[in-house]
Structure formats: C-alpha cells, structure tokens
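Contents: one structure, followed by commentary.
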Amino acid sequence: MSVTEAMGQEEEEQEENHNQNNNHESKSKSNSPSEVAEITEPTKDQEEQQQQEYSWPVIRFDVPPHRTYHFYNQFRNSPNPNNFLKAIKWSPDGSCFLTSSEDNTLRVFTFILFFNRPDNGSGGDINTCSIAADEDSYAAKLVMNEGESVYDFCWYPYMSASDPVSCVFASTARDHPIHLWDATSGELRCTYRAYDAMDEITAAFSIAFNPTGTKIFAGYNKAVRIFDIHRPGRDFKQHSTLQGNKEGQTGIISALAFCPTHTGLLAMGSYSQTSAIYQEDNMELLYVLHGQEGGVTHVQFSKDGNYLYTGGRKDPYILCWDIRKAVDVVYKLYRSSESTNQRILFDIEPLGRHLGTGGQDGFVHMYDLQTGHWVSSFQAASDTVSGFSFHPFLPMAASSSGHRRFVVPDDIYEDVPLSGNENCASVWSFSVASVENDTELNGNDFNNLSEHEELHQGP
C-alpha cells in the first residue's frame with residue numbers, strides 16, 4: 001500500500017469515528033430534558049418578573065423630596081461678593097454634576113462615592129436639613145476658572161467615569177474660545193476658536209454636542225459654527241440662520257438641543273423670541289416657531305422626540321410644541337419668571353412623563369407632560385431657582401439657586417447677607433412607588449436599578 005492510500009484510509013476512519021461521536025452526543029442530549037431546559041428561552045412569566053425587578057421605579061411627586069446634600073459655603077468664598085449660581089447639570093453617567101456661577105467658575109462635584117450616605121429624613125422642608133448649618137456636604141472635586149462670564153456648558157454625551165478619555169465637558173465664556181475640559185483632572189484639553197470679520201476671537205453664546213459626540217455646535221449672532229472635536233483650533237463650518245431672502249431666524253442663537261431619538265433634528269432658540277427646527281446634516285431650516293414673549297433661553301425635546309419645550313427670559317410660560325404639526329402651542333406651563341432676564345433651566349425626568357422647572361419664587365414645579373397639568377411643587381431655595389436637573393437614571397435631582405443682588409455703591413465690597421438657603425446647590429431624593437408599599441429609595445437600592453426603556457408617548 002502506498003503512502004497516499006494509507007493517508008486516505010486513515011482520514012476516512014477519522015471521519016467515520018467523528019460522525020459516530022456526533023450521533024452519540026445528539027442522542028444523549030435528546031435523552032436529557034434537564035439540559036434542554038437550560039438553554040430554552042425564558043417564559044412569559046419570567047420575562048415579566050425580570051421587567052418588574054429591573055424596571056425604573058416610578059417617582060412619587062405627591063411626596064416632597066428629601067434634601068440629601070447641600071452646598072453653599074464654597075460659593076461664598078468667591079472674591080465676587082455678589083456671586084450666585086447660574087446652572088447645574090448632571091453628567092450623562094450620573095457620577096457627578098457640574099455648576100456654573102457668577103464668579104466665572106465651573107465646579108465639578110462627584111456623586112458616585114456618596115451613594116451610601118444615610119437618609120437625613122428632612123423631607124421637603126429647606127430649613128430642616130440634618131447637615132450642620134455652617135457646613136457643606138462636601139467640597140467640589142474640581143474648580144476651574146474661566147476668567148470671564150460663563151455663557152453655557154455641556155457634557156460629552158458618552159461621558160463615563162470608567163473611561164477617563166470620555167470624561168470631558170465643553171464651556172463657552174465671554175471673549176473666550178470654546179474650552180474642552182478634563183473632568184478628572186480639571187486641565188484644559190483643547191480649544192475651538194471662531195473668528196469674526198476683524199480676525200478677532202468671538203465667543204459662542206450656546207454650545208451642544210451632536211448625538212454621536214463627534215461635533216460641537218455653537219450659536220452666534222445669526223449664525224451657527226460647527227467644530228469637529230477631533231480637530232481643535234480654528235477649523236469650523238459656518239451656517240447662517242438667515243436665508244438669501246432675509247427669511248429665517250434672526251438674533252443671537254442662545255439655546256441648542258438635539259432630538260434624543262437620533263432623527264437628525266436640531267432645535268435652536270434665539271433672543272429674537274423665536275425657536276427653529278433644522279436638519280443637522282445640512283442645516284436646512286424646516287420651520288420657525290413664534291410665540292415666546294421673551295428671548296428664548298432654553299429648548300429641550302421630549303424623550304420620544306415628538307415635542308419641543310421652549311422657555312424664555314421675562315416670560316412666565318414654557319411652551320410645548322408638537323414638531324409634527326408646528327402650527328399651534330399644545331399647552332403652556334407656568335413658572336415664576338416674569339421679571340427676570342436670568343436663564344432658568346428646566347428638565348424632563350428619564351421616563352419622559354414629568355417636567356420640573358424652577359422660578360423666582362424659590363419653588364420647583366412639576367408638570368404632567370401628557371396633560372400639561374400642574375402636579376406638585378416643593379421649595380428648593382429662598383431665592384431664584386436657576387437650574388433643575390434630574391439624575392439620568394436614579395430618582396434624584398439637583399437644583400441651583402441665586403440671583404444678582406444690587407447693593408449700594410458704598411457697600412460694594414461688603415458681604416451681602418445671605419442665608420444657607422440662598423445662592424446654594426442641593427441634591428434631592430424622591431420617594432418611589434413600590435408594588436407592596438411606598439418606600440423611600442436609599443443608597444442600598446441604587447445597585448438594583450437600571451434605566452427604564454419606556455419613552456414618553458406625548459401629551
């Protein structure tokens with residue numbers, strides 16, 4: 001027998017043995033019901049049980065929230081005696097929150113390290129916080145000074161504390177380029193510069209990352225400039241908000257928001273009392289919305305992307321627009337802001353069913369977005385609540401307060417007397433509805449929660 005014939009015979013014998021082994025394994029598996037049951041899909045009851053176990057707990061807005069953390073002393077140490085907080089925003093991963101204040105300073109407060117702090121049982125009364133009267137809950141992790149008044153800031157949409165490279169946020173200040181800050185070290189990573197006709201740096205009035213996190217959209221006077229985050233410097237694309245026939249959106253672009261459902265829609269608010277919807281890819285103007293009594297200072301889409309909410313300065317109403325029709329206002333949500341030019345930020349909870357907004361009265365008001373009706377309110381401060389932000393996946397929220405106080409010229413260098421509930425930032429814990437009974441969410445429950453996938457279905 002030749003070598004090739006022997007090798008062929010050996011390969012045939014190996015293939016025959018392999019087929020016999022496969023047949024033996026298939027028979028043994030068919031005779032073992034327990035093993036088959038392990039790889040079958042879960043039953044309907046098991047799926048419902050999993051959904052109930054990992055679903056987002058429904059917040060009870062009829063119960064006043066508890067103040068969990070409180071900060072105000074570190075905002076009083078500023079060289080500016082008339083300092084106050086302008087805004088507050090949670091990071092996308094919920095590990096920290098960012099504040100801006102009148103002293104041209106950005107502060108990052110970590111949150112993930114304090115999940116197990118015991119409940120103080122203070123309820124919604126701002127005067128009964130268990131924290132010592134002269135102490136902050138803890139100090140800011142990072143303090144970054146911009147040098148000039150901060151116009152706007154925003155987090156990188158895919159920021160995660162587990163990935164230091166993604167821990168960044170952008171800010172814009174008067175007479176400064178757009179800064180990209182490292183949220184772990186406080187260092188400036190890079191800048192994005194826009195120049196006017198005189199080749200001088202011009203500052204953006206509003207900024208926002210696009211949903212994919214690859215570009216920064218910046219609002220200017222009757223124009224939007226788009227920066228590639230991978231190419232810092234002075235490279236940008238510019239789009240005018242006015243068309244050739246002088247139709248479109250005039251004024252300073254003061255607010256930006258992208259549709260969360262990745263439909264490619266971009267909403268822009270202007271100090272000319274208008275809001276407009278654009279296509280992100282080519283900046284095509286779809287329609288302009290008129291109806292705000294003051295300059296638009298904040299725009300935000302609903303979670304399902306079908307509705308747009310807009311608020312303005314010296315305007316007591318947040319307007320709800322159906323962007324599928326964009327003809328009339330669906331309803332109006334009242335807030336106390338008739339006599340201030342201050343930007344007052346609102347926010348929508350992760351489930352998309354309720355909206356929370358501050359005001360000059362020091363209260364945070366909750367509204368049902370399906371009906372447009374007022375649900376509840378609680379006092380968050382003794383002065384203007386300038387910012388309110390829901391935690392991205394926990395039943396908690398953060399608020400900032402403060403407003404400019406005008407003093408006599410002779411007393412300009414004297415401290416303005418303030419209480420602990422003025423010019424402050426607070427973190428609030430909401431009660432949640434349980435199947436068995438109503439319980440207060442504490443730190444031990446945080447690891448058992450996951451972000452709910454149900455989206456707001458519209459008013």
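Every read-out reported here was derived from the displayed coordinates using simple, explicitly stated rules and does not represent laboratory data. Computed from a predicted model, the values in this text were never measured in an experiment. Cβ coordinates were reconstructed from backbone atoms using ideal geometry, including for glycine residues, and neighbour counts include every protein chain displayed.
For this structure, a couple of remarks:
- In terms of overall dimensions, the C-alpha atoms belonging to the stretch 318-411 reach 55, 34, 19 Å along their principal axes, ordered largest to smallest.
- Where Rh is the Kirkwood radius over Cα pairs, Rg/Rh for the stretch 260-322: 0.96
- Restricting the stretch 346-406 to chymotrypsin sites (Phe, Trp or Tyr not before Pro) in coil, as DSSP defines it, with at most 12 other Cβ within 10 Å: F406
- Reported value for the stretch 198-306: 107 Å³ per residue, from the convex hull of its C-alpha atoms.
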